Amino acid sequence: MPSSASIKDVAAAAGVSVATVSRVLNSHPSVSPDARTRVMAAVDALGYRPNAVARSLRTDQTRTLGLVISDVLNPYFTELARSVEEEARALGYSVIIGNADERPDLQDHHVRTLLDRRIDGLLVSPTDGGSPLMLDAARGGTPMVFVDRWIPGVDVPVVRSDGQAAIRDLVAHLHRLGHRRLAIIAGPAATTTGSERVAAFRKALASYAIELPDAYIGQGDFQAGSGRRVTDGFLDLPEPPEVVFAADNLMALGALDAIRARGLRVPDDIALAAFDDIPWFVHTDPPVTAIAQPTGELGRAAVRALVDRIEGRPPASVTLPAHLVVRHSCGEPRTSPSPTRTSQPRTSMERSNR
(Lines give C-alpha, C1' and ligand atoms only; values in the text may rest on other atoms or scores of the structure.)
Protein backbone atom coordinates (compact mmCIF):
# COMPACT_ATOMS: atom_id res chain seq x y z
CA MET A 1 0.00 0.00 0.00
CA PRO A 2 1.24 3.54 -0.71
CA SER A 3 2.53 5.50 2.26
CA SER A 4 0.18 8.06 3.85
CA ALA A 5 3.10 10.24 4.91
CA SER A 6 2.98 13.81 3.64
CA ILE A 7 5.72 16.25 2.78
CA LYS A 8 4.99 17.98 6.11
CA ASP A 9 5.69 14.70 7.94
CA VAL A 10 9.04 14.44 6.13
CA ALA A 11 9.91 18.03 7.05
CA ALA A 12 9.05 17.44 10.72
CA ALA A 13 11.06 14.21 10.87
CA ALA A 14 14.09 15.84 9.23
CA GLY A 15 13.84 19.04 11.28
CA VAL A 16 13.68 21.27 8.19
CA SER A 17 11.06 23.34 6.39
CA VAL A 18 8.69 22.01 3.76
CA ALA A 19 10.47 24.25 1.25
CA THR A 20 13.77 22.52 2.02
CA VAL A 21 12.21 19.09 1.50
CA SER A 22 10.86 20.30 -1.85
CA ARG A 23 14.29 21.55 -2.89
CA VAL A 24 15.89 18.22 -2.01
CA LEU A 25 13.28 16.23 -3.94
CA ASN A 26 13.80 18.47 -6.97
CA SER A 27 17.62 18.25 -6.77
CA HIS A 28 18.05 21.95 -6.10
CA PRO A 29 21.75 22.77 -5.58
CA SER A 30 21.20 25.28 -2.75
CA VAL A 31 20.53 22.63 -0.08
CA SER A 32 23.38 21.78 2.31
CA PRO A 33 24.69 18.20 2.33
CA ASP A 34 23.60 17.74 5.93
CA ALA A 35 20.03 18.83 5.24
CA ARG A 36 19.89 16.68 2.12
CA THR A 37 21.05 13.64 4.11
CA ARG A 38 18.45 14.20 6.85
CA VAL A 39 15.63 14.70 4.34
CA MET A 40 16.48 11.55 2.36
CA ALA A 41 16.73 9.56 5.61
CA ALA A 42 13.25 10.78 6.59
CA VAL A 43 11.90 9.96 3.13
CA ASP A 44 13.20 6.40 3.42
CA ALA A 45 12.03 5.94 7.02
CA LEU A 46 8.49 7.20 6.30
CA GLY A 47 8.23 5.57 2.87
CA TYR A 48 7.26 8.93 1.41
CA ARG A 49 6.55 9.04 -2.32
CA PRO A 50 5.89 12.44 -3.93
CA ASN A 51 2.93 12.81 -6.25
CA ALA A 52 4.64 12.99 -9.63
CA VAL A 53 1.60 14.36 -11.44
CA ALA A 54 1.06 17.17 -8.96
CA ARG A 55 4.76 17.99 -8.91
CA SER A 56 4.89 18.20 -12.71
CA LEU A 57 2.02 20.69 -12.69
CA ARG A 58 3.87 22.88 -10.17
CA THR A 59 7.31 22.68 -11.73
CA ASP A 60 6.37 22.19 -15.41
CA GLN A 61 8.62 19.11 -15.36
CA THR A 62 7.66 15.44 -15.56
CA ARG A 63 11.16 13.98 -14.95
CA THR A 64 10.49 11.89 -18.05
CA LEU A 65 12.59 11.49 -21.19
CA GLY A 66 11.45 10.19 -24.56
CA LEU A 67 13.57 7.83 -26.66
CA VAL A 68 12.73 7.05 -30.28
CA ILE A 69 14.93 4.27 -31.64
CA SER A 70 15.14 3.01 -35.19
CA ASP A 71 14.48 -0.70 -34.61
CA VAL A 72 13.92 -2.37 -31.24
CA LEU A 73 14.59 -5.81 -32.79
CA ASN A 74 18.12 -4.75 -33.71
CA PRO A 75 20.39 -5.89 -30.84
CA TYR A 76 22.42 -2.69 -31.17
CA PHE A 77 19.40 -0.49 -30.43
CA THR A 78 18.19 -2.86 -27.71
CA GLU A 79 21.48 -2.41 -25.88
CA LEU A 80 21.37 1.34 -26.53
CA ALA A 81 17.87 1.60 -25.04
CA ARG A 82 18.93 -0.35 -21.97
CA SER A 83 21.89 1.93 -21.28
CA VAL A 84 19.69 5.01 -21.79
CA GLU A 85 17.14 3.72 -19.29
CA GLU A 86 19.80 2.83 -16.72
CA GLU A 87 21.55 6.21 -16.92
CA ALA A 88 18.27 8.13 -16.86
CA ARG A 89 17.13 6.24 -13.76
CA ALA A 90 20.43 7.02 -12.05
CA LEU A 91 19.83 10.72 -12.73
CA GLY A 92 16.25 10.65 -11.46
CA TYR A 93 14.42 10.39 -14.80
CA SER A 94 12.10 7.82 -16.35
CA VAL A 95 12.13 6.88 -20.04
CA ILE A 96 9.31 6.23 -22.50
CA ILE A 97 10.51 4.32 -25.58
CA GLY A 98 9.05 4.41 -29.08
CA ASN A 99 10.11 1.98 -31.83
CA ALA A 100 10.18 3.56 -35.30
CA ASP A 101 10.83 0.21 -37.04
CA GLU A 102 12.93 2.13 -39.60
CA ARG A 103 9.74 3.94 -40.75
CA PRO A 104 9.62 7.75 -40.85
CA ASP A 105 5.85 7.75 -40.31
CA LEU A 106 6.16 5.70 -37.13
CA GLN A 107 9.02 7.92 -36.01
CA ASP A 108 6.78 10.99 -36.34
CA HIS A 109 3.94 9.21 -34.53
CA HIS A 110 6.16 8.52 -31.55
CA VAL A 111 7.68 12.01 -31.51
CA ARG A 112 4.21 13.59 -31.58
CA THR A 113 2.92 11.27 -28.84
CA LEU A 114 5.92 11.91 -26.60
CA LEU A 115 5.65 15.67 -26.99
CA ASP A 116 1.95 15.44 -26.10
CA ARG A 117 2.94 13.56 -22.93
CA ARG A 118 4.95 16.61 -21.85
CA ILE A 119 8.29 14.87 -21.68
CA ASP A 120 11.20 17.00 -20.50
CA GLY A 121 13.50 16.03 -23.38
CA LEU A 122 13.81 13.78 -26.41
CA LEU A 123 16.48 11.36 -27.63
CA VAL A 124 16.12 10.36 -31.28
CA SER A 125 17.97 8.14 -33.74
CA PRO A 126 16.48 9.57 -36.96
CA THR A 127 15.26 7.14 -39.60
CA ASP A 128 15.60 9.69 -42.41
CA GLY A 129 16.85 13.15 -43.25
CA GLY A 130 14.32 14.81 -40.98
CA SER A 131 10.55 15.27 -41.20
CA PRO A 132 8.94 18.72 -40.74
CA LEU A 133 7.70 17.58 -37.32
CA MET A 134 11.19 16.59 -36.19
CA LEU A 135 12.72 19.80 -37.51
CA ASP A 136 10.02 21.95 -35.91
CA ALA A 137 10.54 20.24 -32.54
CA ALA A 138 14.30 20.73 -32.74
CA ARG A 139 14.08 24.35 -33.81
CA GLY A 140 11.20 25.14 -31.45
CA GLY A 141 13.26 24.70 -28.31
CA THR A 142 12.39 21.14 -27.32
CA PRO A 143 15.44 19.77 -25.47
CA MET A 144 16.72 17.15 -27.91
CA VAL A 145 19.78 15.02 -28.59
CA PHE A 146 20.45 12.88 -31.65
CA VAL A 147 22.03 9.50 -30.86
CA ASP A 148 23.82 7.22 -33.35
CA ARG A 149 22.31 9.05 -36.34
CA TRP A 150 21.71 12.74 -36.85
CA ILE A 151 20.21 15.31 -39.20
CA PRO A 152 22.90 17.48 -40.82
CA GLY A 153 22.39 21.21 -40.44
CA VAL A 154 20.16 20.96 -37.37
CA ASP A 155 21.63 22.59 -34.27
CA VAL A 156 21.14 19.65 -31.90
CA PRO A 157 23.87 17.86 -29.93
CA VAL A 158 24.89 14.54 -31.50
CA VAL A 159 26.17 11.51 -29.60
CA ARG A 160 27.62 8.94 -31.97
CA SER A 161 30.54 6.69 -32.75
CA ASP A 162 33.11 7.34 -35.46
CA GLY A 163 33.58 4.19 -37.54
CA GLN A 164 35.93 5.56 -40.17
CA ALA A 165 39.14 4.41 -38.49
CA ALA A 166 37.65 0.98 -37.79
CA ILE A 167 36.58 0.63 -41.43
CA ARG A 168 40.13 1.53 -42.50
CA ASP A 169 41.38 -1.14 -40.12
CA LEU A 170 38.96 -3.65 -41.62
CA VAL A 171 40.03 -2.93 -45.19
CA ALA A 172 43.71 -3.12 -44.19
CA HIS A 173 42.99 -6.45 -42.50
CA LEU A 174 41.22 -7.82 -45.59
CA HIS A 175 44.02 -6.60 -47.85
CA ARG A 176 46.60 -8.41 -45.70
CA LEU A 177 44.55 -11.59 -46.08
CA GLY A 178 44.78 -11.22 -49.86
CA HIS A 179 41.25 -10.07 -50.66
CA ARG A 180 40.84 -7.62 -53.55
CA ARG A 181 37.17 -7.89 -54.61
CA LEU A 182 35.25 -6.30 -51.76
CA ALA A 183 31.52 -5.49 -51.77
CA ILE A 184 29.29 -3.65 -49.32
CA ILE A 185 25.66 -3.98 -48.29
CA ALA A 186 24.85 -0.34 -47.57
CA GLY A 187 22.26 1.10 -45.24
CA PRO A 188 19.66 3.63 -46.41
CA ALA A 189 21.31 6.60 -48.10
CA ALA A 190 18.86 8.93 -46.32
CA THR A 191 20.48 8.06 -42.97
CA THR A 192 23.81 9.52 -41.95
CA THR A 193 25.14 6.12 -40.90
CA GLY A 194 24.08 4.60 -44.22
CA SER A 195 25.88 7.15 -46.38
CA GLU A 196 28.87 7.62 -44.05
CA ARG A 197 29.83 3.94 -43.95
CA VAL A 198 29.79 3.59 -47.73
CA ALA A 199 31.94 6.71 -48.12
CA ALA A 200 34.43 5.45 -45.50
CA PHE A 201 34.59 2.02 -47.18
CA ARG A 202 35.18 3.56 -50.61
CA LYS A 203 37.90 5.86 -49.25
CA ALA A 204 39.65 2.99 -47.45
CA LEU A 205 39.65 0.88 -50.62
CA ALA A 206 41.06 3.78 -52.64
CA SER A 207 44.08 3.93 -50.33
CA TYR A 208 44.98 0.47 -51.73
CA ALA A 209 44.06 1.44 -55.30
CA ILE A 210 41.02 -0.85 -55.12
CA GLU A 211 37.89 0.36 -56.90
CA LEU A 212 34.36 -0.10 -55.61
CA PRO A 213 32.26 -0.76 -58.74
CA ASP A 214 28.53 -0.09 -58.67
CA ALA A 215 27.87 -3.82 -58.92
CA TYR A 216 29.60 -4.26 -55.56
CA ILE A 217 27.37 -1.73 -53.78
CA GLY A 218 24.04 -3.20 -52.70
CA GLN A 219 21.33 -1.00 -51.25
CA GLY A 220 19.93 -2.39 -48.03
CA ASP A 221 17.64 -1.05 -45.30
CA PHE A 222 19.30 -2.25 -42.06
CA GLN A 223 16.99 -5.29 -42.10
CA ALA A 224 17.93 -8.98 -42.55
CA GLY A 225 15.75 -9.39 -45.64
CA SER A 226 17.72 -6.80 -47.54
CA GLY A 227 20.96 -8.54 -46.56
CA ARG A 228 19.69 -11.77 -48.12
CA ARG A 229 18.47 -10.02 -51.27
CA VAL A 230 21.65 -8.02 -51.86
CA THR A 231 23.92 -11.01 -51.19
CA ASP A 232 21.93 -13.12 -53.66
CA GLY A 233 22.61 -10.41 -56.23
CA PHE A 234 26.33 -10.43 -55.45
CA LEU A 235 26.50 -14.21 -55.81
CA ASP A 236 24.75 -14.07 -59.20
CA LEU A 237 27.43 -11.76 -60.67
CA PRO A 238 29.79 -13.19 -63.31
CA GLU A 239 32.62 -12.35 -60.90
CA PRO A 240 31.22 -12.39 -57.34
CA PRO A 241 33.06 -10.48 -54.62
CA GLU A 242 35.51 -12.25 -52.35
CA VAL A 243 34.20 -10.38 -49.31
CA VAL A 244 30.79 -9.02 -48.35
CA PHE A 245 30.86 -6.22 -45.78
CA ALA A 246 27.42 -5.65 -44.27
CA ALA A 247 26.92 -2.15 -42.86
CA ASP A 248 24.92 -3.44 -39.90
CA ASN A 249 24.42 -6.67 -37.96
CA LEU A 250 20.96 -7.66 -39.21
CA MET A 251 22.01 -7.33 -42.86
CA ALA A 252 25.06 -9.47 -42.02
CA LEU A 253 22.80 -12.21 -40.66
CA GLY A 254 20.71 -11.98 -43.82
CA ALA A 255 23.88 -12.28 -45.92
CA LEU A 256 24.90 -15.36 -43.94
CA ASP A 257 21.49 -16.91 -44.62
CA ALA A 258 21.83 -16.28 -48.38
CA ILE A 259 25.31 -17.79 -48.49
CA ARG A 260 24.28 -20.93 -46.62
CA ALA A 261 21.11 -21.32 -48.68
CA ARG A 262 23.33 -21.90 -51.72
CA GLY A 263 25.38 -24.51 -49.96
CA LEU A 264 28.39 -22.18 -49.73
CA ARG A 265 30.65 -21.80 -46.73
CA VAL A 266 32.12 -18.77 -44.99
CA PRO A 267 34.99 -18.00 -45.47
CA ASP A 268 35.96 -20.85 -47.84
CA ASP A 269 33.69 -19.67 -50.66
CA ILE A 270 33.09 -16.06 -49.65
CA ALA A 271 34.17 -13.97 -46.67
CA LEU A 272 31.82 -11.92 -44.48
CA ALA A 273 32.36 -8.94 -42.18
CA ALA A 274 29.89 -6.67 -40.40
CA PHE A 275 29.44 -3.28 -38.81
CA ASP A 276 27.81 -3.41 -35.33
CA ASP A 277 29.15 -6.35 -33.38
CA ILE A 278 26.58 -8.39 -31.44
CA PRO A 279 26.89 -11.28 -28.96
CA TRP A 280 25.50 -13.73 -31.54
CA PHE A 281 28.54 -13.31 -33.79
CA VAL A 282 30.78 -15.31 -31.48
CA HIS A 283 28.37 -18.25 -31.74
CA THR A 284 28.12 -18.45 -35.53
CA ASP A 285 30.30 -20.87 -37.50
CA PRO A 286 32.68 -19.28 -38.14
CA PRO A 287 32.54 -16.38 -35.65
CA VAL A 288 32.06 -13.12 -37.55
CA THR A 289 34.73 -10.43 -37.84
CA ALA A 290 32.93 -7.20 -36.97
CA ILE A 291 33.23 -3.54 -36.07
CA ALA A 292 32.01 -2.88 -32.54
CA GLN A 293 30.57 0.37 -31.26
CA PRO A 294 30.74 1.48 -27.59
CA THR A 295 26.97 1.16 -27.40
CA GLY A 296 26.52 1.37 -23.66
CA GLU A 297 28.66 4.48 -23.30
CA LEU A 298 26.84 6.11 -26.23
CA GLY A 299 23.51 5.65 -24.46
CA ARG A 300 24.84 6.98 -21.18
CA ALA A 301 26.53 9.97 -22.83
CA ALA A 302 23.33 10.81 -24.72
CA VAL A 303 21.32 10.92 -21.50
CA ARG A 304 23.91 13.11 -19.80
CA ALA A 305 23.91 15.53 -22.73
CA LEU A 306 20.11 15.72 -22.71
CA VAL A 307 19.89 16.24 -18.95
CA ASP A 308 22.50 19.01 -19.25
CA ARG A 309 20.25 20.68 -21.81
CA ILE A 310 17.13 20.25 -19.65
CA GLU A 311 18.78 21.53 -16.48
CA GLY A 312 20.32 24.60 -18.06
CA ARG A 313 23.88 23.43 -18.54
CA PRO A 314 25.54 23.73 -21.97
CA PRO A 315 25.27 20.33 -23.71
CA ALA A 316 28.08 18.97 -25.86
CA SER A 317 28.23 16.60 -28.79
CA VAL A 318 30.16 13.40 -28.09
CA THR A 319 32.04 11.18 -30.55
CA LEU A 320 33.47 7.83 -29.48
CA PRO A 321 35.61 5.51 -31.62
CA ALA A 322 34.41 2.16 -32.91
CA HIS A 323 36.93 -0.67 -33.16
CA LEU A 324 37.52 -3.80 -35.23
CA VAL A 325 37.13 -7.22 -33.62
CA VAL A 326 38.97 -9.89 -35.64
CA ARG A 327 37.48 -13.39 -35.63
CA HIS A 328 37.41 -16.05 -38.38
CA SER A 329 34.85 -15.14 -41.07
CA CYS A 330 37.32 -13.54 -43.49
CA GLY A 331 39.87 -16.33 -43.79
CA GLU A 332 41.81 -15.57 -40.63
CA PRO A 333 43.95 -18.49 -39.41
CA ARG A 334 41.99 -20.79 -37.13
CA THR A 335 45.04 -21.07 -34.90
CA SER A 336 44.88 -17.35 -34.07
CA PRO A 337 44.14 -16.43 -30.45
CA SER A 338 40.82 -15.20 -29.10
CA PRO A 339 39.19 -12.24 -30.87
CA THR A 340 41.48 -9.21 -31.05
CA ARG A 341 40.85 -5.53 -31.46
CA THR A 342 42.98 -3.97 -34.15
CA SER A 343 41.98 -0.46 -33.12
CA GLN A 344 41.61 0.21 -29.42
CA PRO A 345 38.99 2.74 -28.27
CA ARG A 346 40.38 5.88 -26.73
CA THR A 347 39.84 6.42 -23.04
CA SER A 348 38.66 10.00 -23.34
CA MET A 349 35.62 11.17 -25.23
CA GLU A 350 36.00 13.54 -28.13
CA ARG A 351 33.71 16.47 -27.44
CA SER A 352 32.82 19.37 -29.65
CA ASN A 353 30.28 22.06 -28.89
CA ARG A 354 27.53 22.41 -31.42
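Brief remarks follow.
- There is at least one residue in segment 134-144 that is buried (at least 20 other Cβ atoms within 10 Å of the Cβ) and in a loop (DSSP other than H, G, I, E, B).
- Long-range neighbours under 7 Å by Cβ, at least six apart or interchain, first residue more than 17 Å from Ala271 (Cα to Cα) and at pLDDT 95 or above within segment 160-177, second among the polar types (S, T, N, Q) and crowded, with 17+ Cβ neighbours inside 10 Å: Ser161/Gln293; Ala165/Ser343; Ala166/Ser343
- Subset of segment 88-114 that is charged (D, E, K, R) and over 15 Å from Ala301 (Cα atoms) - its residue that is modelled with the lowest pLDDT: Glu102
- Scanning segment 106-126 for residues that are farther than 17 Å from Arg309 by Cβ, open to solvent by 10 Å² or more (accessible area, probe 1.4 Å) and in contact (Cβ under 8 Å) with a residue 40 or more places away in the chain yields His110, Arg117.
- Conditions (1) in contact (Cβ under 8 Å) with a residue 24 or more places away in the chain; (2) within 21 Å of Asp148 (Cα to Cα); (3) assigned to a helix (DSSP H, G or I); (4) open to solvent by 10 Å² or more (accessible area, probe 1.4 Å): number failed by Ala189: (3)
- Top-ranked residue of segment 294-334 - restricted to ones that are assigned to a helix (DSSP H, G or I) and among the acidic types (Asp, Glu), ranked as nearest to Phe245 (Cα to Cα): Glu297
- Candidate set from segment 89-105 (those that are of a type in the set (A, V, I, L, M, F, W, C) and not in a helix (DSSP H, G or I)); member that is most open to solvent (accessible area, probe 1.4 Å): Ile97
- Per this entry, Ser195 is counted among residues that are part of a helix (DSSP H, G or I), open to solvent by 40 Å² or more (accessible area, probe 1.4 Å) and touching a strand residue (DSSP E or B) at 6+ places or on another chain (Cβ under 9 Å).
The values are calculated or read from the model by the stated rules, or taken from the named source; none is laboratory data. This is a predicted model, so every value here is computed, not measured. Positions of Cβ are backbone-derived with ideal geometry, glycine not excepted, and every protein chain shown enters the neighbour counts. All accessible areas refer to the heavy atoms of the entire protein, side chains included, with ligands and DNA or RNA removed. Shrake-Rupley method; radii C 1.70, N 1.55, O 1.52, S 1.80 Å.
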